[in-house]
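The values are calculated or read from the model by the stated rules, or taken from the named source; none is laboratory data. Here the structure is a predicted model, which means the values were calculated and not measured. With ideal geometry, Cβ positions are generated from the backbone for all residues, glycine too; neighbour counts draw on all protein chains shown.
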Amino acid sequence: MTISALKTLDDLPMAEPGSFEGQSVYEAMARMRDRAPFARTEIGITLALRNRHIALMTGDATRQIETETKMLQGITDGPIFEFTRLAMLFANGDVHRRRRTPVARTFAFKLMDAMRPKVREIAEGMIGEVLGAGPINFVDDFAALLPAQIIASILGIPQSDIPVFLTWIQDTAAALGFVPPEERARIEASMTDFMAYVTDLLDDRRKAPQEDFLTDYVRATEAAGNLDEGEIRTQILGLILAGSDTTRGSLCMTLSELLQHPEQWQNFVADPDGLKRGVVQEGLRYQPVVSAIPRVLLRDLEVDGYRLPEGSVVAVSLVSALRDPDVFADPEQFDIHRTDHQRWHFAFGAGAHRCVGEALARAEMEEALATIARLAPNSRLVGRPPQLGFGAIRPVSAMTVAFEA
Ligand code: HEM
């Protein structure tokens, strides 16, 4: 096909208004997929709707967005800007590899898998406190707490510091995505304290090495010898932030779907360990918390009969790709028994930036949900099921659960 025969972005339909928030996004995406493989948005980003568009993230035809998103928000200096400038997530090429390698090496699968007993212990403690005692705020009092406690334990943060650590996480998680202008000052103040705390943790390990992740990380950065102090500490903050709202939302939505499908919940209760992997695979597919992964095109591309121009931003919609009927049978059905999951779950991205915390996220979700099924098999949702809102990491709405034995 010659370039002139290709359609252009102008030929694409606009994304439907309902395609960004709430339960309506899935129906909107399905209708949009039927019309064209891509959709335009009002802010000029092209949404890629098919599962095969994962390829846009694995080759060398695209790059990660760097500090541009913050500059567009008018943030050009200060802690949020510095975080974006120094984090692996917003870097490309050698810079990205340099920052990612020491983390990937030490945040290894085996170490994260070994956290499973700790996750069970924490989940058992949290459930034990409220079992049979009426409804709880599941988002704040379980789903946010669990990843925070686990990452605190990985970083060797003493129990007495956990309340302030939790506040920092809550205050600063927005630094990863859109920062509401009215909240910038508060976020930045909190981030400054958080960074100072991480700096102290790293200094402690340099002075008094221990048998733990942080000591190994410090050693790996020293062996590499090519990261500055700002980069070294920013990756730790990045780990904490990237693993918080993502795991929180995924835990909520997976439990919510299970409780809305009583037959599947009963199956899970009967065999938590046998089914926990399938439950998490399906929860991540059915309600992905990362809505879309944007990339900048480094050259003109021809995809599915369209010419996508160099310099344009294409965001591969996980919300759509994970319900693509080309890949998943009955994609709109929540089914913990499905056998057509992809080898590399796209909820964790693809290519150079694929989630470095996948093993930990899986350990947390699988063990927490299996513990709920074991200890609180008659649990129920109280009120409306939660929904995922608008954002790069889709925020989860309120969720109330009564844990019942
Ligand atoms: C269910 C939970 C999680 C989901 C759905 C998730 C999803 C993702 C996705 C889609 C990306 C790629 C973003 C991109 O390509 O632009 C990513 C990257 C990343 N994730 Fe996760 N994540 C989860 C949990 C975690 C956890 C627990 C950690 C660490 C404690 C973590 C740390 C990171 C980091 C550091 C990156 C950046 C990797 C890089 O740029 O090379 N994530 N995650």
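Checking the structure you have, find out if any residue of segment 374-381 is in contact (Cβ under 8 Å) with a residue 24 or more places away in the chain and under 27 Å from L298 (Cβ atoms).
In the first step, residues of segment 374-381 are kept if they are in contact (Cβ under 8 Å) with a residue 24 or more places away in the chain; the result is 374-381.
Now drop any that are not under 27 Å from L298 (Cβ atoms), which leaves none.
No, that holds for no residue.
So that you can scan it fast, the table gives a plain yes or no per residue for (1) in a helix (DSSP H, G or I); (2) more than 16 Å from the ligand (Cβ to nearest atom); (3) within 18 Å of L176 (Cβ to Cβ):
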site	(1), (2), (3)
F194	yes, no, yes
D203	yes, yes, no
L214	yes, no, no
L237	yes, no, yes
R248	yes, no, yes
V280	yes, no, no
Checklist outcome for this item: The residue that is farthest from the ligand (Cβ to nearest atom), considering only those in segment 48-99 that are of a type in the set (K, R) and either farther than 23 Å from L318 by Cα or not in a helix (DSSP H, G or I) (or both), is R50
Next on the checklist: Any residue that is among the basic types (K, R), without any contact (Cβ under 8 Å) to a residue 24 or more places away in the chain and surrounded by fewer than 19 Cβ atoms within 10 Å (Cβ to Cβ) - is there at least one of those in segment 3-13?
Outcome noted: no
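Among the candidates I157, I150, which residue alone is within 16 Å of the ligand (Cβ to nearest atom), β-branched (V, I, T) and under 20 Å from the mean Cα position of the chain (by Cα)? Walk me through it before giving the result.
Working: I157 fails: under 20 Å from the mean Cα position of the chain (by Cα).
The unique qualifying residue is I150.
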Checklist entry - Residues I54, I127, I75, I122: which one is buried (at least 18 other Cβ atoms within 10 Å of the Cβ) and either on the phi > 0 side of the Ramachandran plot or touching a strand residue (DSSP E or B) at 6+ places or on another chain (Cβ under 7 Å) (or both)? => result I54
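Could you grab me the full set of residues in segment 341-353 that are crowded, with 16+ Cβ neighbours inside 10 Å and more than 10 Å from the ligand (Cβ to nearest atom)? Quick ask: steps written out before the conclusion?
Step one: filter segment 341-353 for residues crowded, with 16+ Cβ neighbours inside 10 Å, giving 341-342, 345-353.
Once the filter is applied, which keeps residues that are crowded, with 16+ Cβ neighbours inside 10 Å and more than 10 Å from the ligand (Cβ to nearest atom), segment 341-353 yields H341, Q342.
On the given criteria, is N92 surrounded by 20 or more Cβ atoms within 10 Å (Cβ to Cβ), in contact (Cβ under 8 Å) with a residue 12 or more places away in the chain and of a type in the set (S, T, N, Q)?
Working: surrounded by 20 or more Cβ atoms within 10 Å (Cβ to Cβ): no; in contact (Cβ under 8 Å) with a residue 12 or more places away in the chain: yes; of a type in the set (S, T, N, Q): yes.
So N92 does not fit the description; no.
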Item to check | Failed condition for R354, given (1) out of contact with any strand residue (DSSP E or B) (no Cβ under 9 Å at 6 or more places or on another chain); (2) within 28 Å of I236 (Cβ to Cβ); (3) in contact (Cβ under 8 Å) with a residue 60 or more places away in the chain | outcome: (3)
Checklist entry - How many residues does segment 132-161 contain that are of a type in the set (A, V, I, L, M), part of a helix (DSSP H, G or I) and in contact (Cβ under 8 Å) with a residue 24 or more places away in the chain? => result 7
Item to check | Condition met for V164 (touching a residue at least 60 places away in the same chain (Cβ under 8 Å) and not in a strand (DSSP E or B)) | outcome: no
Next on the checklist: Given the criteria closer than 12 Å to V139 by Cα and buried (at least 22 other Cβ atoms within 10 Å of the Cβ), does M365 qualify?
Outcome noted: no
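Whether any residue in segment 167-176 is of a type in the set (F, W, Y), modelled with pLDDT under 95, within 20 Å of the chain's Cα centre (by Cα) and buried (at least 18 other Cβ atoms within 10 Å of the Cβ) is what I want to check. First the steps, then the outcome.
Within segment 167-176, the subset of a type in the set (F, W, Y) is 168.
Filter once more, so that each one left must be modelled with pLDDT under 95: 168.
Then drop every residue that is not within 20 Å of the chain's Cα centre (by Cα), which leaves 168.
Now drop any that are not buried (at least 18 other Cβ atoms within 10 Å of the Cβ), which leaves 168.
Yes.
So which of V356, V401, V382 ends up being within 13 Å of the ligand (Cβ to nearest atom) and of a type in the set (V, I, T)?
Details: V401 fails: within 13 Å of the ligand (Cβ to nearest atom); V382 fails: within 13 Å of the ligand (Cβ to nearest atom).
Sole residue among the options that is within 13 Å of the ligand (Cβ to nearest atom) and of a type in the set (V, I, T): V356.
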Next on the checklist: Of everything in segment 44-57, what is closer than 17 Å to R394 by Cβ and more than 20 Å from the chain's Cα centre (by Cα)? Give them in sequence order.
Outcome noted: I45
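Hey, among the residues in segment 272-313 that are acidic (D, E) and more than 27 Å from the chain's Cα centre (by Cα), which one's nearest to I45 (Cα to Cα)?
Within segment 272-313, the first condition is being acidic (D, E), and the residues that meet it are 273, 282, 300, 302, 304, 310.
Next, only the ones that are more than 27 Å from the chain's Cα centre (by Cα) stay: 300, 302, 304, 310.
Working: D300: 15, E302: 17, D304: 17, E310: 13 Å.
Here the answer is E310.
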Next on the checklist: For segment 204-218, check the following and say yes or no: at least one residue is surrounded by fewer than 17 Cβ atoms within 10 Å (Cβ to Cβ) and touching a residue at least 60 places away in the same chain (Cβ under 8 Å).
Outcome noted: no
Item to check | Conditions (1) under 30 Å from V382 (Cβ atoms); (2) touching a helix residue (DSSP H, G or I) at 6+ places or on another chain (Cβ under 9 Å); number of the one not met by G132 | outcome: (2)
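From the list L275, L255, which residue is in a helix (DSSP H, G or I), away from the ligand (no atom under 16 Å from the Cβ) and in contact (Cβ under 8 Å) with a residue 24 or more places away in the chain?
Values: L255 fails: away from the ligand (no atom under 16 Å from the Cβ).
Being in a helix (DSSP H, G or I), away from the ligand (no atom under 16 Å from the Cβ) and in contact (Cβ under 8 Å) with a residue 24 or more places away in the chain holds for just one of L275, L255, which is L275.
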